[in-house]
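First comes the structure, then the notes that go with it.
What follows is calculated from the coordinates using simple rules that are stated; it is not laboratory data. Small disclaimer: the values here were computed from a predicted structure and weren't measured. Please note: Cβ atoms are built from the backbone with ideal geometry, for glycine as well, and neighbour counts cover all protein chains shown.
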Amino acid sequence: MDEGSLDDMACESCPLGNTAWPPQSGESLEAEIERYKLGEMQLAAGACLLLEGAAAPHFYAVTRGVGFRHKSLTDGRRQVLGFVFPGDLVGVQGALLGRMQHSVDALSDVGLAAFDRGCLPRLFETSSTAGFAVAWRAAKDECIQDETLLSVGRRTALESAAYLLALLHQRACATGLAPKGRLAFPLTQQHLADTLGLSIVHTNRTLKRLSQMRLIAWQDRGCVILDEAGLLELAGWTGLDDRT
């Protein structure tokens, strides 16, 4: 991505929303976003936004759609590290450290607000509101990473899949991406397998079991959540505090 692909968009038209930011951020935070934003860009489903090992001149806020972060071994085996939804920041790691330690791809068509990496130090120096918002978002992301690591390390395959689908459903609901319980992005069994560290065969069997329990209905490149409370109970997880 380069600056030539950026389109101007006023902050009031930018669909970042307030759901992924601290409560009572209000107009002060919106003004700071507008102050530092370079513009908007669109990314097609399947495209790579940030590549592991590459320099990162920009960082981004997701404004529309869903993406995912991942790392790969030299033989091509992939670990999905997490999914990103509207309001999430991506590329901050590369902006601060110089190079990305993971890749970020678009799962669906994605809209992005771009920021120059040089604005991060200025943001913390000049705006306590925006600086706190970035730190708050990082803390929320860390909570999700903690729970996901617990799934990979200690939950059973059935419990782990229940957790991940409940998490994705809650995040999708908070951002308008789960109409009537259907996850409105092309999630595949391979994405789930690569997130949970399972084989595709084991993942398929696990999803069939969740379907038999009437907790989900797996469809081609997608999933309908039938019983979120049942998924939460199975996973032994209380869910996100504020659906962000």
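Numbers below:
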quantity	calculated
Structure-based [θ]222 nm, the chain - -39500 (n - 2.57) summed over DSSP H runs of at least 4, per residue, nearest 500	-12500 deg cm²/dmol
Gaussian network model of the chain, Cα within-10 Å springs - most flexible of Arg171, Arg69, Arg35	Arg35
Point-to-point label distance, Ser211-Ala54, nm (Cα→Cβ direction, 7 Å offset)	3.6
GNM top mover of Leu187, Leu96, Leu73 - the chain, alpha-carbon springs below 10 Å	Leu73
Calculated Kirkwood radius over Cα pairs in Å (choose from (1) 19.3; (2) 20.1; (3) 18.6), label	(3)
Long-range amide H partners of Arg64 with built H, under 5 Å	Gly111
5 angstrom amide H check on Ile216, placed H, neighbours 5+ away	Ser211, Leu226
Dipole magnitude of the chain, debye to nearest 20 (Cβ charges: Lys/Arg +1, Asp/Glu -1, about Cα centre)	1040
Net charge contributed by nearby residues that have their C-beta within less than 14 Å of Arg78 (K/R +1, D/E -1)	-1
Karplus-derived 3J(HN,Hα), 6.51/-1.76/1.60, for each residue of region 48-61, Hz, glycine and proline x	9, 8, 10, 10, 3, x, 8, 5, 10, x, 10, 10, 9, 10
Alpha-carbon centroid distance for the pair region 128-177 / region 195-211, whole angstrom	20
3J(HN,Hα) from dihedral phi, region 156-171, Karplus parametrisation 6.51/-1.76/1.60, rounded to Hz, x for glycine, proline	5, 4, 5, 5, 5, 5, 4, 4, 5, 5, 5, 4, 4, 5, 5, 5
Whichever lysines have a C-alpha closer than 23 Å to that of Lys37, once near sequence neighbours (fewer than 8 apart) are set aside	Lys140
Pairwise FRET efficiency - Glu34 versus Leu97, Cβ, R0 = 25 Å, nearest 0.05	0.40
Trp136-Leu149 pseudo-label distance in nm [points 7 Å out on the Cα-to-Cβ vector]	2.4
Most fluctuating residue given options Gly82, Gly111, Gly53, as computed from a GNM of the chain linking Cα atoms under 10 Å	Gly53
Amide H within-cut-off set for Arg182, under 5 Å, with H built and near neighbours excluded	Ile225
